[in-house]
Amino acid sequence: MNTRLLLIIASVIALSACGGAEERKSVYMEKAITSIESGDLDKARIELKNVLQIDPKDGEAYYQIGKVYEQQEKYRKAYGSYLKAEELSPDLLENHGRLGRFYLLLMKEVDHAQEKVDLILSKAPDNSDGLMLKAALNLHNKDKAAAIDIAKGVVERGPVNVEAVSFLAGLYVSDKQIEDAINLLDRALKDKPDNESLNKLLAATLV
């Protein structure tokens, strides 16, 4: 067998292996996101680690695993994952939104949070992560009315944004608008009946 033919065969094998790896990555990622949405965080973390075994430079996987750690209240690991995602995928606006929340809520670095808002909304004015971070900043600055307006806009635009619904419901409860909070959560649960966080929030609101 001549050298040229060997090179062609080797190239075909390499391309096939690459395609298989990308396909496996896609399957693992899809399973991870489904697991996050259903609340099975341990399974999601396993699937995301499978993604990173295939591609250690997958910024999306670091972003998603950061979300898992954050929901498990492992904030140091979550923050580290978001920073890694920012390094690998600087155009991932959702990740900038998560980092902005850390700056605002945990680190009290308001200026850095505002920088993330400006960055996100300059690239995508309707980005829900940027808008919700802006709403949180308004609430921090004691402008609850502006925070409610922004959150309502995100919720009404759809599809169901669990964090926006939870944020807005919390604002309604703080203003003693219990019926509005219940109606909001009921509407969201029609689309996401199995969402654990929304169900817990509704139960707490009813109590």
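What FRET efficiency, computed as 1/(1 + (r/R0)^6) with R0 = 22 Å and r the Cβ-Cβ distance, is obtained for Val207 and Ala145, rounded to the nearest 0.05? Before the final figure, lay out the partial values.
Numbers: r = 27 Å, r/R0 = 1.23.
With R0 = 22 Å, the Cβ-Cβ based efficiency is 0.20.
By the Stokes-Einstein formula, at 1.002 mPa s and 20 °C, the stretch 41-155 with its Kirkwood radius over alpha-carbon pairs has D equal to 147 µm²/s.
Once you keep just the Cα pairs under 8 angstrom separated by 6 or more residues, what percentage relative contact order results for the stretch 127-207? Mind dumping the intermediate values first?
Details: 72 pairs, mean separation 16.6, N = 81.
Computed over the stretch 127-207, the figure is 20 percent.
The equivalent ellipsoid that matches the C-alpha gyration tensor of the stretch 115-158 spans semi-axes of 16, 14, 6 angstrom, in descending order. Multiplying the residue separation of Asp118 and Glu156 by 0.36 nm and subtracting their alpha-carbon distance yields 11.4 nm. How far is helix 59-71 tilted off the main Cα axis of the chain, in degrees rounded to 10, range 0 to 90? Between the helix axis and the principal axis of the chain, the angle is about 40 degrees.
Over the alpha-carbon set of the stretch 142-188, divide Rg by the Kirkwood Rh and report the Rg/Rh ratio to two decimals. All intermediate terms of the calculation are to be shown ahead of the outcome.
Numbers: Rg = 9.8 Å, Rh = 10.5 Å.
Radius of gyration over Kirkwood radius for the stretch 142-188 works out to 0.94.
Using a probe of 1.4 Å on the protein chains alone, the accessible area found for Lys152 is around 70 Å². Can you compute the FRET efficiency between Lys49 and Val110 using 1/(1 + (r/R0)^6), with r the Cβ-Cβ distance and R0 = 25 Å? Round to the nearest 0.05. Rounded to the nearest 0.05, the efficiency is 0.15.
A simple spin-label model places the labels of Ile182 and Lys74 3.9 nm from each other, with each point 7 Å out along Cα-to-Cβ. Given a 1.4 Å probe and the protein chains as shown, His140 ends up with an accessible area of around 90 Å². Each residue was assigned an accessible area with a 1.4 Å probe, and for Ile33 the value is about 60 Å². If I fit a long axis through the Cα atoms of helix 3-38 and take the longest principal axis of the Cα atoms of the chain, what angle between them do I get, 0 to 90°, rounded to 10? Result, in degrees: 20. On the basis of the beta-carbon distance and an R0 of 25 Å, Thr34 and Lys200 show a calculated FRET efficiency of 0.80.
Normalised by the residues of the chain, what does the relative contact order come to in percent, with Cα pairs under 8 Å and at least six apart? Could you put the intermediate results ahead of the total?
Details: 217 pairs, mean separation 21.7, N = 207.
Taking the mean separation of contacting Cα pairs over the length of the chain, I get 11 percent.
The angle separating the long axis of helix 75-88 from the principal Cα axis of greatest extent in the chain is about 50 degrees.
Taken as Cα centroids, the stretch 18-71 and the stretch 101-176 sit 26 Å apart, rounded to the nearest whole angstrom.
Taking the helices alone, the chain has a mean residue ellipticity at 222 nm of -26000 deg cm²/dmol, built from -39,500 (n - 2.57) per DSSP H run of at least 4 residues and averaged over all its residues. Taking GluC sites (Glu not before Pro) as exposed when DSSP calls them loop and at most 15 other C-beta atoms lie within 10 angstrom, the chain has its longest site-free stretch at 110-207.
When restricted to Cα atoms, the chain yields an Rg and a Dmax of 20.7, 81 Å, respectively.
Could you list, in their original order, any pairs among Lys142/Lys190; Lys116/Lys152; Lys74/Lys192; Lys57/Lys123; Lys123/Lys190 whose Cα atoms are separated by more than 28 Å?
Details: Lys142/Lys190 32 Å; Lys116/Lys152 21 Å; Lys74/Lys192 25 Å; Lys57/Lys123 24 Å; Lys123/Lys190 32 Å.
Among Lys142/Lys190; Lys116/Lys152; Lys74/Lys192; Lys57/Lys123; Lys123/Lys190, the Cα-Cα distance tops 28 Å for Lys142/Lys190; Lys123/Lys190.
The values are calculated or read from the model by the stated rules, or taken from the named source; none is laboratory data. Model, not experiment: these values are computed from the prediction. So basically every Cβ, Gly included, is an ideal-geometry build from the backbone, and we count neighbours across all protein chains shown. Note: accessible area is taken over every heavy atom of the protein model, side chains too, but ligands, DNA and RNA are not part of it. Shrake-Rupley method; radii C 1.70, N 1.55, O 1.52, S 1.80 Å.
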